[in-house]
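Below is one structure, written out as structure tokens, with a few remarks after it.
The values are calculated or read from the model by the stated rules, or taken from the named source; none is laboratory data. Not measured: the values here are computed from a predicted model. Here Cβ is always computed from backbone atoms with ideal geometry, including for glycine, and neighbour counts include all displayed protein chains. Side chains included, ligands, DNA and RNA excluded: accessible areas come from the protein's heavy atoms. Shrake-Rupley method; radii C 1.70, N 1.55, O 1.52, S 1.80 Å.
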Amino acid sequence: PLCSWKNKAVVSTQSTGEHWTTRLQIEQSRAVVVPNIRHQVLNLKLFQQAFLNPGVVERYLNAGDAAKVRSVFAQLRQLSPGAEGDRAAQLAFNDPSGWVLKPSREGGGNNFWDDEMLEKLRELERSDKREAFVLMEKLRPPHIPNRVVRNRPNSSPELTDIFDTTGELGLFCVFVADSQGKVVMNEVAGPLMRTKPAACNEGGVAIGIGVMDSVVFDRD
């Protein structure tokens, strides 16, 4: 049997003990789970932050490839209680436009920017809940004039006027492993391009801001 999690980014579907008891039963079954719990947590911001630690990337890549990967990493700072977390938070107060506050979850639409970020950091200053967030360096991709097709509910698709957009390039990958951790397949299946208005901080496709796009690779 196959179990595919379609709403894994929705907190309400994994917020009770009953939810997690069911999840444990499925994880321990013979079903092929997409994604299984180990792969799902790798998408959480706290795990992404761990890859910045010295020696972690180097466990999986040779020195040359690891250096290339590290060259495109954005800074991620932990906000755990204590002096280190306080120093990280101060970076945001010193340069609010240079950072974004992100919860350790998926799905988009949950981040805090600019004044809203500073307000949230003040709220979390003496709270253990602060460690559920990370501070991420704000990316500044180039602006590209573009137009998109919007498919509104109960209406025909419409082509927008040209406006400034930014893009986020990712990869579709296929990874299959057995219950003992033996890798059966690990391949890149193609590019994933998401485009959003440059004027918008958030860009999630699922929340209706970003759109799926196509990409052309220039060999030069």
* Given the protein chains as shown and a 1.4 Å probe, how many square angstrom of residue 138 are accessible, to the nearest 10? -> 50
* To do: Per DSSP H run of n ≥ 4, the term is -39500 (n - 2.57); total these for the chain, divide by its residue number, and report the mean residue ellipticity at 222 nm rounded to 500 deg cm²/dmol.
  => -6500 deg cm²/dmol
* To do: Figure the gain on full extension for residue 114 and residue 71 (residue separation times 0.36 nm, minus the Cα-Cα span) and round it to one decimal in nm.
  => 12.9 nm
* To do: In whole Hz, with x marking every Gly and Pro, tabulate ³J(HN,Hα) for region 61-78 from phi via Karplus 6.51 cos²θ - 1.76 cosθ + 1.60, θ = phi - 60°.
  => 10, 6, 4, x, 5, 4, 5, 5, 5, 5, 5, 10, 5, 7, 6, 10, 10, 6
* Once fully extended, how much extra length lies between residue 34 and residue 154, figured as 0.36 nm per residue of separation less the alpha-carbon to alpha-carbon distance? -> 40.0 nm
* Gap separating the Cα centres of region 1-53 and region 113-167, nearest whole Å -> 25
* Taking amide H positions as placed 1.01 Å from N in the peptide plane, with prolines and chain starts having none, which residues 5 or more places from residue 3, or on another chain, fall under 5 Å of its amide H? -> 32, 33, 34
* For region 29-43, Karplus couplings with θ = phi - 60° (6.51, -1.76, 1.60), whole Hz, Gly/Pro x -> 7, 8, 5, 7, 9, 10, x, 6, 5, 5, 6, 5, 5, 5, 7
* Gain upon complete extension [residue 205, residue 122; 0.36 nm per residue less C-alpha separation] -> 26.9 nm
* To do: Within the chain, what's the longest run with no chymotrypsin sites (Phe, Trp or Tyr not before Pro) in a DSSP loop and at most 13 other beta-carbon atoms within 10 Å? Give the range, please.
  => 74-216
* Structure fact -> Of the accessible area of the chain, computed with a 1.4 Å probe and all protein chains kept, carbon and sulfur make up a percent value of 54
* Asked: In the set (1) 52, 42, 35; (2) 124, 30, 22; (3) 50, 50, 45, which value of Cα extents along the principal axes in Å was calculated from the structure you see?
  -> (3)
* Structure fact -> Once the in-chain neighbours fewer than 8 apart are removed, the lysines whose Cα is under 24 Å from residue 129 read 8, 45, 102, 120, 138
* Relative contact order (percent) for the chain, with alpha-carbon contacts under 8 angstrom and 6 or more residues of separation? -> 14
* Asked: Under a 1.4 Å probe, what is the accessible area of the chain per residue, stated in Å²?
  -> 69
